[in-house]
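Heads up: the structure comes next, in structure tokens.
Just so it is clear, none of the values below were taken in a lab; they were calculated from the coordinates. The model shown is predicted, which means the values in this text are computed figures rather than measured ones. As a convention, Cβ positions derive from the backbone with ideal geometry for all residues, glycine included, and neighbour counts pool all protein chains shown.
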Amino acid sequence: MATITLKPFKTPELIIECNNITPDAFAGKTPAEIAELEIFEGKVREKLGDFFSVTGSSGKTAAETDILIDGDCSRVKYIGSKMTAGTITVNGNADMYVGGWMKGGKIHVKGNVDSFCGIAMEGGEIEVDGNAGNYVGCAYRGDWRGMRGGTIHIHGNAGNDIGTFMLGGTIIIDKNAFIHVSTHAEGGTVVIKGDVEGRVGGQMVKGDIYVFGNVQYMLPGFKEIDRVRKEIAGESATFRQYIGDLGERHPKSKGKEIYANLYVKASA
Amino acid sequence: MPKWITQVGCPYCGSSCDDIECLVSDDGKKILETRNACVIGNEIFHHVSSPDRPKRPRMRQPDGSMKEVTYDEAVDYTAKALIKAKKPLIYGFGSTNCEGMSAVARVAERAGAVLDNCASICHGPSFLAIFDNGYPSCTLGEVKNRADVVLFWGCNPMHAHPRHTSRYSIFPRGFFTTKGQMQRTIISIDPRETDTAKLADYHFMLNQGHDYELFDAFRTVLRGHDIPAEVAGCKREMILEAAEKMKNARFVMIFFGMGCTHTDGRNHNVDIAISLTRDLNTHTKASIMAMRGHYNIAGPGQVWSWQFGFPYCIDLSKGTRAHMNPGETSSVDLAMRDEVDCFVNVGTDAGAHWPIAAIKHVKKHPVITVDPNICMASEIADLHVPVRVVGVEEPGVVYRMDNVPIQFKKVIDGPEGVPSDEEFFDKVYTRMCELTQTEPIWVHVKEHAKASSSLEH
């Protein structure tokens, strides 16, 4: 595997939009060619080399290309968006749209990410060591087809709107989340190892949610039906199983209505 | 002899009343009296004749004072600031006509700006919900003639839309609602006992910020499932009773306001309200409507959706590829994240309505306010450009809260030499094209359209 190292040396005045920081765009290019790639600061076209020093070498294909961003990207949007293969490692924070519309490969952000991380993701893996903003693995505005595949693992906290309109894939939040988990979801799995304030599974049709901590405000459309033992995200526990959202439409299979499942860890 | 002018449109709230009558002085320059307008609307008609009103642009000087400049200088300053900025933000449009909005949109496209309107801090979340879930709405005329159960969710028209209840929603006698208020069941959902709540048959004093749970409870009940004994601080029995009332109604109307769109969950509160409306339609007829705040705040949604495909938060910095994603391209978020380097405030008062921290961020860069009046935004601006008051001194098309277009009239002449929003921004557009040596295509298009419409007549 060949590695390209980007080192930020200039903080942009506004925020830069770097749709080109992907293994797909870097593959088969020399560092000099990569430094020429187009980025935007507002309406101004600039070059990647205006903000980052580029060293190392890229692979022939995206799958053979690793990108290491050695520094803070708090003011860099769209890192790894629409990537299909290869890896990106960010030694610092990243701004919005990390791994948005991503189809494959792996992104590892060692700091925090801002909102819209993994928006409309289809495959691949995102790992964030710090916290995430709002809209982790959500759908784009107005799209009823949200995250379809892949895994997002946030080791810290996340904000609101996690997995909105989710159809597939897995989102794991190691700490707490705020409100609106899997709203409108029709599939997929969300695991929250900490607490959630509320609105878990609102308007949810199908899919699973696991909460290891406390759900402060339970939605009235969820009904407890059972206690089950489950193993998820490397942990085994006894959960109270709820079905819902009873206020929402639900498809039928073999004459029986299919509901979404919410598993809340039972206190010992 | 002073003259009464009838069927005048009121440039205040989203009800956009079009039955105002104004008594105009002999010289056609002053409004002496109004009929039918609410207390706030009345004030707007009289306010235009205020002697304190600014009549020339004022530019901030190095010592911090404001100095009068000519309109040409103001046009030049605005054009240059917009060209120089990497990502200008043009925001406002609560109080102007569609012609003005269209002119500003042409400037925004030329400037590669972000174009946003007050919906961003108001009913913007409703748009997001509408994108996600549709908008089963109707006109206010249908509400007047048909609605027999009316819900006011997180809104207080008695204060914010003073004539809404008497013209459309509670009191009027309509075609199928001949008994007026006697025939209507009013449900108010508000954590406070507002003046609208006092008029209601049912008042759900829910816990603040728990609207989503209460909507979910109504939906769950409508599908025949049980709910907990208390939801969001409201008793199950009361929820069951109100749900039964809605099911048995002939026409249920849900009006929602800031209580839904600007508490936790925002667009999701409206989203589930739309789902509830859809559910109700399996039992009876039901419809939903946003209580839009200003007389033409539905206008930018209409005009810009036609021009760019999006109603608000439109990032035009990439030329023809318009991008919209509130949270990123919404005004306050852009300001808070230091993502804009020029701010143009048109026909609204960002100084009064925005968080002070956001204003502090935009103040690092040129701030231009285009507004007829002295307001907080004009006082913090580097350039204040007064314009004519739409609906009083300037005619134009406005969209009422139910997206019905209404042609507003001119009642009196504006102060001499003061342009309309449209005239001012067309000049800015032309000046920008001069400075960048590009073809002012939209000016040609407008002239061509004018010429062909005069031929038709």
Note to self: Need one value for B:218-225: mean number of C-beta atoms belonging to other chains within 10 Å of its residues' C-beta atoms.
What the structure shows: 5
Check: Can you list the residues, at least 5 places off or on another chain, whose amide H is less than 5 Å from the amide H of residue A:206, using H built in the peptide plane?
Finding: A:186, A:187
Margin query: Which of rounded, prolate or oblate describes the protein assembly as shown when judged by the alpha-carbon gyration tensor and an a/c cut-off of 1.5?
Written below: oblate
Next item on the list: Provide B:101, B:258 in ascending order of the number of other Cβ atoms located within 10 Å of each residue's Cβ, fewest first.
Entry: B:258, B:101
Checklist line | Rounded to 5, the percent of DSSP beta bridges in the protein assembly as shown classed as antiparallel | finding: 40
Notebook entry, point to check: Which distance in Å, rounded to a whole number, links the C-alpha centroids of segment B:285-315 and segment A:98-145?
Noted result: 30
Notebook entry, point to check: Past the 28 Å Cα-Cα mark, which pairs from A:254/B:235; A:252/B:245; B:80/B:364; A:29/A:110?
Noted result: A:254/B:235; A:252/B:245
Next item on the list: Report, to the nearest 10°, how far helix B:236-247 tilts away from the longest principal axis of the Cα atoms in chain B, using its own Cα long axis and a range of 0 to 90°.
Entry: 70
Notebook entry, point to check: Does anyone have the angle between helix B:267-280 and the longest principal axis of chain B? Alpha-carbon axes, 0 to 90°, nearest 10?
Noted result: 50
Check: Based on the Cβ-Cβ distance from residue B:40 to residue A:72, what FRET efficiency comes out when R0 is 41 Å, to the nearest 0.05?
Finding: 0.25
Item checked: Shielding score for A:183-192, defined as the mean number of other chain Cβ atoms within 10 Å -> 1
Checklist line | Under the Karplus curve 6.51 cos²θ - 1.76 cosθ + 1.60, θ = phi - 60°, whole-Hz ³J(HN,Hα) for segment A:177-184, x wherever Gly or Pro sits | finding: 10, 8, 10, 6, 10, 6, 4, 6
Check: What lysines could a cross-link reach from residue A:82, if we take a straight Cα to Cα line under 16 Å and drop same-chain neighbours fewer than 8 places away?
Finding: A:103, A:106
Note to self: Less than 26 Å apart at the alpha-carbon level, and either on another chain or at least 8 residues along: which lysines does that give for residue B:410?
What the structure shows: B:3, B:29, B:30, B:55, B:427, B:446, B:450
Check: Could you give me the ³J(HN,Hα) list for segment A:120-137, computed from phi with Karplus coefficients 6.51, -1.76, 1.60 and θ = phi - 60°, whole Hz, x at Gly and Pro?
Finding: 6, 6, 10, x, x, 9, 10, 10, 10, 6, x, 9, 10, x, 8, 6, 6, x
Next item on the list: Determine, for each peptide in B:281-294, A:151-164, the mean count of other beta carbons within 10 angstrom over its residues, then list the peptides with the highest first.
Entry: A:151-164, B:281-294
Item checked: Per-residue average of Cβ from other chains inside 10 Å of A:93-103 -> 1
Item checked: For segment B:423-434, 3J(HN,Hα) per residue [Karplus equation, 6.51 cos²θ - 1.76 cosθ + 1.60, θ = phi - 60°, Hz, x = Gly/Pro] -> 4, 4, 6, 5, 5, 4, 4, 4, 5, 4, 5, 4
Notebook entry, point to check: Tell me, how many Å apart are the Cα centres for segment B:43-87 and for segment B:386-457?
Noted result: 18
Checklist line | Inter-part distance where segment A:176-234 and segment B:155-201 are each reduced to a Cα centre, Å | finding: 38
Note to self: What is the angle, in °, between the Cα long axis of helix B:71-84 and the longest principal axis of the Cα atoms in chain B? Nearest 10 is fine, range 0 to 90.
What the structure shows: 70
Margin query: Connecting C-alpha atoms closer than 10 Å in a GNM of chain A, tell me which of A:149, A:247, A:187 has the biggest fluctuation.
Written below: A:247
Item checked: For residue A:107, distant residues with modelled amide H under 5 Å away -> A:88, A:125, A:126, A:127
Item checked: Selected from B:396, B:449, B:310, residue furthest toward positive end of dipole (segment B:298-456; charges at beta carbon) -> B:310
Checklist line | Spatially proximal aspartates and glutamates relative to residue A:193 (Cα-Cα < 18 Å; intrachain offsets below 8 disregarded) | finding: A:127, A:129, A:161, A:174, A:208, A:231, A:235
Next item on the list: Show the residues, 5+ positions off or on another chain, whose built amide H is closer than 5 Å to the amide H of residue A:53.
Entry: A:7, A:9
Next item on the list: Take each of the peptides A:68-76, B:121-129, A:210-218, average the number of other beta-carbon atoms within 10 Å over its residues, and list them starting from the highest.
Entry: B:121-129, A:68-76, A:210-218
Note to self: Give the residue list of trypsin sites (Lys or Arg not before Pro) in segment B:126-167 that are DSSP loop and have at most 10 other beta-carbon atoms within 10 angstrom.
What the structure shows: none
Notebook entry, point to check: With the contact rule set at Cα under 8 Å and sequence spacing of 6 or more, what percent relative contact order holds for segment A:115-265?
Noted result: 15
Margin query: Ranking request for peptides B:60-70, B:89-99, A:167-177: highest mean number of other beta-carbon atoms within 10 Å first, then the rest in descending order.
Written below: B:89-99, A:167-177, B:60-70
Note to self: I want the antiparallel fraction of DSSP beta bridges within segment B:228-352, as a percent rounded to 5.
What the structure shows: 40
Note to self: Report for segment A:115-265 the percent antiparallel among DSSP-assigned beta bridges with both residues inside it, nearest 5.
What the structure shows: 40
Item checked: Relative contact order (percent, whole number), chain B, Cα cutoff 8 Å, 6+ residue spacing -> 23
Item checked: Contact order normalised by residue count of segment B:271-428, Cα under 8 Å, 6+ apart, percent -> 18
